[in-house]
Amino acid sequence: MTSVTSAVRSTRRKAGFSWRRVPGYAFLSLFALFSIFPLYFMVVSATNTTRDVLGSRLIPGSHLFANFSALFAAQDVGAAMLSSALIAIGTTVLALAVCSVAGYGFEVYHSRGKDVIMSIIMLAMMIPFAAVMIPLFRLFADLGMVNSLFAVIIPAISTPLLILLFRQASRSFPHEIIEAARIDGLKELSIFFRIYTPTMKSTFAAAAVITFMTSWNNFLWPRVILLDNAVQTMPMLIANLTAGYVTDYGVLMLAVLLTSLPTIIVFLVLQRAFAQGITGAIK
């Protein structure tokens, strides 16, 4: 009985309040506040006027609908949203299809030659995009694809980061299952789609989040290849709002808020799978 009582007391002490944890909680709370504050200021500024934004007003205002009217009157937000969505979704779907097959092939059909090719692909990550932007533009110009959304999607469907992510995740995939499936008569494509793909759902989710957010927020290449404002993306629309002599910061913050919402939603929906996919790839 005495041992049970002491065990209960020790459990209560562990579950109870401890002053030693206060500095740690205070430190984490402070940095959480710093992280959340820019998002809060963006939301609040979308409801205020330029004067209020420049004055760093931290409480919501009453100009949200006025800012909406000014934004939709100045820019074609619907077309920009549609262009960004088509580019982000198209890039994500094609990138998952291409990079998952590449990462699977590099690991399942492993050889020294493939290691050399993988090393060359990884070296491509060190080349800045600005170094290949002009040749890439000339290529798509010769193909007649300027102002085409496909010109934005195609260069992003195969990236070294995603190939590496799928290759690392494939290392934890048991090869015995593949051998057993081959013995049962399954073809390689059937093994990939019916066995490998359902097992790697978290890796696909992590890759989807990375690709969608990168594609949605991409500015430089769409700005170069999309010369017509009719096919502009949301980051390009935000840049156009700052191109005049006078900037309406309330309208600008509202545009930034609308641009941020899809990426926030995608990340929140796939947050748990994203964390599992990243940790699984690292292991």
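The values are calculated or read from the model by the stated rules, or taken from the named source; none is laboratory data. Source: prediction; values computed, not measured. Please note: Cβ atoms are built from the backbone with ideal geometry, for glycine as well, and neighbour counts cover all protein chains shown.
For the range 72-81, a residue qualifies if it is among the hydrophobic types (A, V, I, L, M, F, W, C) and free of Cβ contacts under 8 Å to residues at least 40 places away in the same chain, and the qualifying residues are Phe72, Ala73. You will find that of Ala131, Ala151, Ala181, the residue that is out of contact with any Phe, Trp or Tyr (no Cβ under 7 Å at 6 or more places or on another chain) and in contact (Cβ under 8 Å) with a residue 12 or more places away in the chain is Ala181 and no other. Restricting attention to the range 27-73, the residues being in a helix (DSSP H, G or I) and not aliphatic (A, V, I, L, M) number 18. Among the conditions (1) buried (at least 17 other Cβ atoms within 10 Å of the Cβ); (2) within 28 Å of the chain's Cα centre (by Cα), Val43 misses just one, which is (1). Right, Ala141: modelled with pLDDT of 90 or more, crowded, with 17+ Cβ neighbours inside 10 Å, assigned to a helix (DSSP H, G or I) and not acidic (Asp, Glu) or not? Considered against the rule, which asks whether it is modelled with pLDDT of 90 or more, crowded, with 17+ Cβ neighbours inside 10 Å, assigned to a helix (DSSP H, G or I) and not acidic (Asp, Glu), Ala141 comes out as no.
For the range 219-239, the set of residues classified as outside any helix (DSSP H, G or I) and not β-branched (Val, Ile, Thr) consists of Phe219, Leu226, Leu227, Asp228, Gln232, listed by residue number.
Each residue in the range 240-263 was checked for being surrounded by 13 or more Cβ atoms within 10 Å (Cβ to Cβ) and in a helix (DSSP H, G or I), and 16 pass. Can you tell me which residue in the range 26-40 is surrounded by the most Cβ atoms within 10 Å (Cβ to Cβ), limited to those that are of a type in the set (Ser, Thr, Tyr) and within 30 Å of His63 (Cα to Cα)? Out of the qualifying residues, it is Tyr40. Within the range 33-44, at least one residue is at pLDDT 85 or above, within 27 Å of Thr214 (Cβ to Cβ) and among the β-branched types (Val, Ile, Thr).
Within the range 210-226, the set of residues being over 18 Å from Ser158 (Cβ atoms) and crowded, with 22+ Cβ neighbours inside 10 Å comprises just one member, Trp216. If you go through the range 72-91 and keep only what is modelled with pLDDT of 90 or more and either farther than 16 Å from Ile238 by Cβ or aliphatic (A, V, I, L, M) (or both), you end up with Ala79, Ala80, Met81, Leu82, Ala85, Leu86, Ile87, Ala88, Ile89, Gly90, Thr91.
Please state which one of Ser111, Ser69, Ser100, Ser84 is over 30 Å from Leu226 (Cα atoms) and either surrounded by 15 or more Cβ atoms within 10 Å (Cβ to Cβ) or without any contact (Cβ under 8 Å) to a residue 12 or more places away in the chain (or both). Full working, then the answer.
Details: Ser69 fails: over 30 Å from Leu226 (Cα atoms); Ser100 fails: over 30 Å from Leu226 (Cα atoms); Ser84 fails: over 30 Å from Leu226 (Cα atoms).
One residue alone meets the criteria, Ser111.
For the range 227-237, the set of residues classified as out of contact with any Lys or Arg (no Cβ under 9 Å at 6 or more places or on another chain) and crowded, with 20+ Cβ neighbours inside 10 Å consists of Val231, Met234, Leu237, listed by residue number. Residues of the range 168-203 that are surrounded by fewer than 20 Cβ atoms within 10 Å (Cβ to Cβ) and within 17 Å of the chain's Cα centre (by Cα): Lys201 alone.
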